[in-house]
Amino acid sequence: MGAKPPKATDRRVQRTRRTLREALLSLILERGWEDFSVQDVCDRADVGRSTFYTHFADKEELLVSGFDDLRRALRGQLAAPAGSERPFRFARGLIEHACENVRLFRALVGKRSGQVVLRKFRELVLDLVREDLANLGAAAPASEAAEHFVAGGFLELLTWQIEARRLSEPEEMERLFLQMATPVVEVLRRTRQ
């Protein structure tokens, strides 16, 4: 029988995971995704390899855990009031997070991020959009196309804002996104099953 995995609620576990994520992010910023190893993360975090592998299988799982935490935080702060059908409530929080962490987001969406980072971030946004559009009850082909269309548009808008150093107020960016995405919601509402 193997060792029990550490409890995620333990403060030491949380601190270790946070330290490893911070090391990962600093290495992405400095070197790009492809140019560092798990050992580099461990060295930067001052954590042994066995400790790393107690928590994560590889650096991709470490990256995903950070995205999972971000997703939970966005959903937690945006609990919809009963009867609310307003989609894309995640947008403001994610835009604000990007504005507060510009250097990190440039690394995530920039040339040095690598395909793994971009794919995982895209999956995060796609999941957030999918959750919001699921309440509309639209038919499968239309809803799937809309999910990808809206997620892609949001990512491009966020990337444009970050890379072009056009750091508008989060409210303005959210307004632009909603102006462009709302017609998609209206189309889906007309195609309900």
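Out of V129, V125, V185, V150, one residue alone is crowded, with 18+ Cβ neighbours inside 10 Å, without any contact (Cβ under 8 Å) to a residue 40 or more places away in the chain and among the β-branched types (V, I, T). It is V125.
For the structure I just gave you, tell me whether L24 is modelled with pLDDT of 90 or more and closer than 24 Å to G152 by Cα. No: the conditions fail for L24.
If only residues of region 20-60 that are in contact (Cβ under 8 Å) with a residue 60 or more places away in the chain and surrounded by 14 or more Cβ atoms within 10 Å (Cβ to Cβ) are counted, the one that is farthest from L104 (Cα to Cα) is E60. Inspect all residues belonging to region 125-141 and state whether any of them is under 16 Å from A98 (Cα atoms) and not aliphatic (A, V, I, L, M). Taking every residue of region 125-141 in turn, none turns out to be under 16 Å from A98 (Cα atoms) and not aliphatic (A, V, I, L, M). Residues in region 92-137 that are modelled with pLDDT under 90 and among the small types (G, A, S) were compared, and the one that is nearest to E172 (Cα to Cα) is A98. Among the candidates R119, R192, which residue alone is closer than 21 Å to L29 by Cβ and out of contact with any helix residue (DSSP H, G or I) (no Cβ under 7 Å at 6 or more places or on another chain)? Just one listed residue meets the conditions, R119.
The values are calculated or read from the model by the stated rules, or taken from the named source; none is laboratory data. Keep in mind the model is a prediction, meaning the values are calculated, not measured. Please note: Cβ atoms are built from the backbone with ideal geometry, for glycine as well, and neighbour counts cover all protein chains shown.
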